[in-house]
Amino acid sequence: MATKVMEPGTGMTIAIAPKNEACYVPGRREFFKYRELGVTEATGGRMRAQVTSAEKGLSEATGWHYHVCDMQFVYVLSGWVDLDFEDGRSVRLQAGDSLMLPGGTRHQETRTSETFEILEVSVPADMGTEKCDPPAGFVSR
């Protein structure tokens, strides 16, 4: 579990999450593992940070959805993930790549490498996920 020390005047605390004390929590997708990094509690819900990983690749698209948040930041630590976006782009993010997604942006994950790991940060911490229709005329590649 994360170690916390009060920071004067901020209402926040320091969050330290040692890998050997990993805390896994339920997440949006049952086929991913979500490692909580203690940031949600330390920031009083202002921000969430977690490591999302998979041990078996995604074989079918998640379906179109958007997140109810101000923004989401993703940094790929290992492997890759393919995504489609409402503006018509299809991209592959690989280890070392990052993505900042404004809240409400429609997208879907279509495939992943057999194993992968990403760092996900959202503002605020409570990031909802809503299913939605694909953009008109979108053709998945």
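Taken together, the residues in segment 1-57 that are small (G, A, S) and either at pLDDT below 75 or in a loop (DSSP other than H, G, I, E, B) (or both) amount to 10.
Cβ separations smaller than 8 Å between residues 6+ apart or across chains give the following pairs from segment 4-20 residues that are of a type in the set (S, T, Y) to residues that are modelled with pLDDT under 90: T13/K4; T13/V5; T13/M6; T13/E7. Scanning segment 73-105 for residues that are among the basic types (K, R) and either touching a Phe, Trp or Tyr at 6+ places or on another chain (Cβ under 8 Å) or surrounded by 13 or more Cβ atoms within 10 Å (Cβ to Cβ) (or both) gives a single hit, R92.
For segment 78-110, a residue qualifies if it is over 16 Å from R28 (Cα atoms), assigned to a strand (DSSP E or B) and charged (D, E, K, R), and the qualifying residues are D82, D84, R92. When segment 115-131 is filtered for residues that are over 23 Å from T43 (Cβ atoms) and either without any contact (Cβ under 8 Å) to a residue 60 or more places away in the chain or assigned to a strand (DSSP E or B) (or both), the ones remaining, listed by number, are F116, E130, K131. All of (1) modelled with pLDDT under 95; (2) touching an Asp or Glu at 6+ places or on another chain (Cβ under 6 Å); (3) of a type outside the set (K, R) hold for P134 with one exception: (2).
The values are calculated or read from the model by the stated rules, or taken from the named source; none is laboratory data. The model shown is predicted, which means the values in this text are computed figures rather than measured ones. Please note: Cβ atoms are built from the backbone with ideal geometry, for glycine as well, and neighbour counts cover all protein chains shown.
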